[in-house]
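Take a look at the structure below.
The values are calculated or read from the model by the stated rules, or taken from the named source; none is laboratory data. All of these numbers come straight from a predicted model, not from anything done at the bench. Note that we place each Cβ from the backbone using ideal geometry, even for glycine, and neighbour counts take in every protein chain shown. Ligands, DNA and RNA are excluded from the accessible area calculation, which covers all protein heavy atoms including side chains. Shrake-Rupley method; radii C 1.70, N 1.55, O 1.52, S 1.80 Å.
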Amino acid sequence: MSRWTPCKRREFVRRPRILGFDGPFSGARHQFLTYQANRLTIPPNEEYSVAQLRLMIREAAGILGRELTLEEWNRL
């Protein structure tokens, strides 16, 4: 079984785009990705901790309307 590991910002942005998100676009304080009428905010960190990564993946899964497993995330 895979482990959660920190993720670089560039890698994080690449993976949701494979799932159909558009962007990143510039916002007021943070950049964001869009999926239909929904926004996924991207913090300006250069690297995301495991806790922050899990939170953003959970938010992306809610936007997509389905679960994203660790194995699926790592295959992207």
### Summary
A correct Karplus calculation of ³J(HN,Hα) over the stretch 3-17, with 6.51 cos²θ - 1.76 cosθ + 1.60, θ = phi - 60°, whole Hz and x for Gly and Pro, returns 10, 6, 9, x, 10, 6, 4, 4, 5, 5, 5, 5, 5, x, 5
### Summary
Residue by residue through the stretch 33-44, the couplings from Karplus 6.51 cos²θ - 1.76 cosθ + 1.60 with θ = phi - 60°, in Hz, x for Gly and Pro, are 10, 10, 9, 6, 9, 9, 10, 10, 6, 10, x, x
#### Entry: For the stretch 66-76, 3J(HN,Hα) per residue [Karplus equation, 6.51 cos²θ - 1.76 cosθ + 1.60, θ = phi - 60°, Hz, x = Gly/Pro]
8, 7, 10, 7, 4, 5, 5, 4, 6, 6, 5
### Query
Accessible area per residue of the chain at 1.4 Å probe, in Å²?
67 Å²
### Query
How large are Rg and Dmax for the stretch 33-76 when only the alpha carbon atoms are used, in Å?
10.8, 28
### Query
What fraction, in whole percent, of alpha-carbon pairs in the stretch 1-62 exceed 15 Å separation?
48 percent
### Query
Sorted by average packing, counted as other Cβ atoms within 10 angstrom per residue and highest first, what order do 65-75, 32-42 take?
32-42, 65-75
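Can you tell me which of 43-51, 14-22 comes out highest on packing, and rank the rest after it, using the mean Cβ neighbours within 10 Å?
The packing order, highest mean first, is 14-22, 43-51.
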